[in-house]
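To keep things clear, I will list the structure first and then write my remarks on it.
The values are calculated or read from the model by the stated rules, or taken from the named source; none is laboratory data. This one's a predicted model, so the numbers in the text were calculated from it and none came from an experiment. All Cβ positions, even for glycine, are placed from backbone atoms using ideal geometry, and neighbour counts span all protein chains on display.
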Amino acid sequence: MKRRVLQGAIAVMLAACGTSAAHPTASSSGVADAGSPATVACGPASAKTLAASSKARVYLSRGLVYGCARGAKHPYRLGQRATCLGGSARVAPVTVSGVLVAYGSQRCGVDFGGSTVLVRRLTNGSTVSQQPATTTSVGPESYVMVTALVLAGDGDVAWISVGHSIVGGHSATEVHALDRRGVRRLDNGAAVNSGQLRLAGSKVSWKHGTAWRSATLA
């Protein structure tokens, strides 16, 4: 019963977020439409490209998500795409910059769900950074997901997280950044648009109500 409740809560959150985690856009997942069979940097040309640069690519093959870099010995498995319940982590959203990939890694149990933001180097699979999507507790039997994500070429990353408590009904939407200054919460509140996040140079911008707010990654 709890499993069905959690599945329903996840579906509601995805719908409320405009399915931004399920269907990446250019603002949250790099070049989501890059990588035609003739131009893919690496990996099988027939696989669906989730995000790509001229040097690296993240693609979907038989339900599993892989990342690869041009000239690397082999691809690296990042997780899977279907569900965060059981098995390996669900990867969403995902973005690529140069040979770096950033993605939300979601894992769920019967009555909880948590997400981590990872940045990895696709030339060797090493982890550049790894942070919980949020440190804010919204209550018991809660679920947290990453709904938007941007990545700078030097590995700085910003993301939006949404948390919801199945029992208490409490929710929290937050904007976070990780750069040389460490992890920072840039904004929070129900007025934050969970699917609107942009990066131009070192300036990250998000929508709060009807206005755009911004911060500089350094």
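Any residue in the stretch 72-84 that is among the hydroxyl-bearing types (Ser, Thr, Tyr) sitting within a Cβ distance under 8 Å of a residue that is surrounded by 21 or more Cβ atoms within 10 Å (Cβ to Cβ) and part of a loop (DSSP other than H, G, I, E, B)? List the pairs, counting only those 6 or more apart or interchain.
TYR76/LEU122
Scanning for something buried (at least 21 other Cβ atoms within 10 Å of the Cβ), touching a helix residue (DSSP H, G or I) at 6+ places or on another chain (Cβ under 8 Å) and among the small types (Gly, Ala, Ser), does the stretch 140-151 turn up at least one residue?
Yes - at least one qualifying residue is present in the stretch 140-151.
Would you be able to tell me the number of residues in the stretch 98-116 that are surrounded by fewer than 24 Cβ atoms within 10 Å (Cβ to Cβ), at pLDDT 95 or above and within 13 Å of the chain's Cα centre (by Cα)?
So the answer is 2.
Can you say whether ASP156 is buried (at least 19 other Cβ atoms within 10 Å of the Cβ), among the acidic types (Asp, Glu) and over 19 Å from SER105 (Cβ atoms), as far as the supplied structure shows?
For ASP156, the condition - buried (at least 19 other Cβ atoms within 10 Å of the Cβ), among the acidic types (Asp, Glu) and over 19 Å from SER105 (Cβ atoms) - is not met.
Can you tell me which residue in the stretch 42-66 is modelled with the lowest pLDDT, limited to those that are outside any strand (DSSP E or B) and either of a type in the set (D, E, K, R) or within 16 Å of VAL119 (Cα to Cα) (or both)?
Applying the filter and picking the extreme gives ARG62.
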